[in-house]
Amino acid sequence: MRSTLKTFLDTDSGAVVADWVVLTAAIVGVGISSANAVRSGVGNLGESIRGALSNASVAAFCSGSATYEMRVLTGDRAAEAEDIARQIGGLNDKDLQAAYAETAIKVQVLRDGNEPDLYVNEVLDYAALYSNELDNRRLSAPDGSASVAELAGLSGSCGSGLLGGGSSSGGTTSDYEMQILSADDVASFETDLAGVESRAILDIVTALQSEFSNSAAASDISGMSKALDLLYSSWQVLVARGDDRDAITAAQDAFNRAHEEYLAMRA
């Protein structure tokens, strides 16, 4: 059991070059064949956004309470996640904390090394499993270790600082609280965006900016609030999946401009 986890933690590289070439060729082929499907899907998503803006239920939602959802060890691999969780449950407290700290560092190292998102997210899932066991035992992560929320680009507890935070870093605005959308509304919207390419998400951001501006011109605070919440969610989707830095910055800037205008109108 410990040998399996140690082997995982010691692995610090992605796929073997030969395998990666084959996988890349396959991905290109799938990408070409699915272009039309993606194009039509973006159109459908536009309608979903319009529906979210007009029909979303009103509820206070602190973005810090968002829970991490498994990204790779799910679906067909859910049983694998359960088996790993059982193995983790057999670790003593000291080994558990050390394993979490090593996995958290590994996520950051892999991301900095531009390893494939699939691999980074799988390691992030491991970190989430370790973190869950820490919570079950009411143990804290070792000092200096980033939380799963920080590693995933989600908000931590409201008002707390986050990994890579700050307006110019492409991180998160940790003290932002959802103004009007419920947790279910946000989760549904972010699920819709998860498989959408960056350029399409930026088109959605532009549409949301328009919705925000129209609502501001009509002094419609509710409409502004909904558009602002969705702008924030769009930005966070890009951050969470480690998207292109320019795309993250563009979404962040759009949110920040809208947020400043919103605060000015509410002052």
Scope region 194-232; condition buried (at least 16 other Cβ atoms within 10 Å of the Cβ), of a type outside the set (A, V, I, L, M) and either modelled with pLDDT under 90 or over 30 Å from L110 (Cα atoms) (or both); matching residues: S198, Q209, E211, F212, S215, G223, S225, K226, D229
Region 130-146, subset in contact with a Ser or Thr (Cβ under 8 Å, 6 or more places away or on another chain) and in a helix (DSSP H, G or I), residue surrounded by the most Cβ atoms within 10 Å (Cβ to Cβ): Y130
Qualifying residues in region 80-129 (those that are over 18 Å from the mean Cα position of the chain (by Cα) and not in a helix (DSSP H, G or I)) - the one surrounded by the most Cβ atoms within 10 Å (Cβ to Cβ): L91
Hits in region 155-193 (condition: closer than 16 Å to G242 by Cβ and at pLDDT 50 or above): E190, L193
Any hit, region 236-248, residues being outside any helix (DSSP H, G or I), surrounded by fewer than 17 Cβ atoms within 10 Å (Cβ to Cβ), in contact (Cβ under 8 Å) with a residue 12 or more places away in the chain and not assigned by TED's automatic domain parsing to the domain that holds G113: yes
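The values are calculated or read from the model by the stated rules, or taken from the named source; none is laboratory data. Small disclaimer: the values here were computed from a predicted structure and weren't measured. Here Cβ is always computed from backbone atoms with ideal geometry, including for glycine, and neighbour counts include all displayed protein chains.
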